[in-house]
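Every read-out reported here was derived from the displayed coordinates using simple, explicitly stated rules and does not represent laboratory data. Keep in mind that what you see is a predicted model, and the values were worked out from it rather than measured. Quick reminder, even Gly has a Cβ in these numbers, built from the backbone with ideal geometry, and neighbours come from all protein chains shown.
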């Protein structure tokens with residue numbers, strides 16, 4: 001097992017790795033919508049969704065793979081009524097065949113975020 005880290009995604013906010021590589025899979029920890037350059041989050045949910053995806057992508061690139069190799073995502077949102085908007089942003093990030101996905105509404109996320117995304121990505 002090997003920890004993957006990059007300065008192009010926010011540092012972990014607890015005792016965990018940004019991602020772990022094992023075998024031919026990369027397990028990316030839940031990514032909050034924190035801009036790694038500023039340490040801040042935008043207030044709009046759609047911008048937060050985009051930032052989460054960019055953070056996942058940065059970690060994938062650091063591991064030598066890409067977002068296009070994503071096998072599965074888990075998405076946590078604080079407002080599922082925005083599901084159609086969320087799907088629009090998510091759909092721009094991935095192409096068919098789309099990764100498997102689970103999406104849950106939760107009462108709260110760390111640091112007041114509205115979105116968090118974790119991913120499992122294939123390594124070649």
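Taking label positions 7 Å along the Cα-Cβ direction at both residue 5 and residue 106, the computed distance is 2.3 nm, reported to one decimal. Using a simple spin-label model with pseudo-atoms 7 Å out from Cα toward Cβ, residue 12 and residue 88 lie 3.6 nm apart. As a ratio to 2.2 N^0.38 Å, the alpha-carbon radius of gyration for the range 9-69 is 1.12.
In plain terms, the chain from residue 98 to residue 123 could stretch by 7.3 nm, reckoned as 0.36 nm per residue minus the Cα-Cα distance.
Remind me, relative contact order of the chain in percent, using alpha carbon pairs under 8 angstrom and six or more residues apart? If you can, show how the numbers build up before the last one.
On the way: 248 pairs, mean separation 40.9, N = 124.
Reported as a whole number, the value is 33 percent.
Estimated purely from DSSP H runs of n ≥ 4, each contributing -39500 (n - 2.57), the mean residue ellipticity at 222 nm for the chain is -7500 deg cm²/dmol once divided by its residues. Here the label points at residue 71 and residue 47, each 7 Å from Cα along the C-beta direction, are separated by 3.5 nm in the simple model. Judged by the mean number of other Cβ atoms found within 10 Å, the most tightly packed of the peptides 88-94, 114-120 leads the ranking 114-120, 88-94.
Which of rounded, prolate, oblate describes the chain, given a ≥ b ≥ c as roots of the alpha-carbon gyration tensor eigenvalues and a/c under 1.5 marking rounded, otherwise prolate only if a/b is larger than b/c?
Details: a/c = 1.73, a/b = 1.23, b/c = 1.40.
Here the chain falls in the oblate category.
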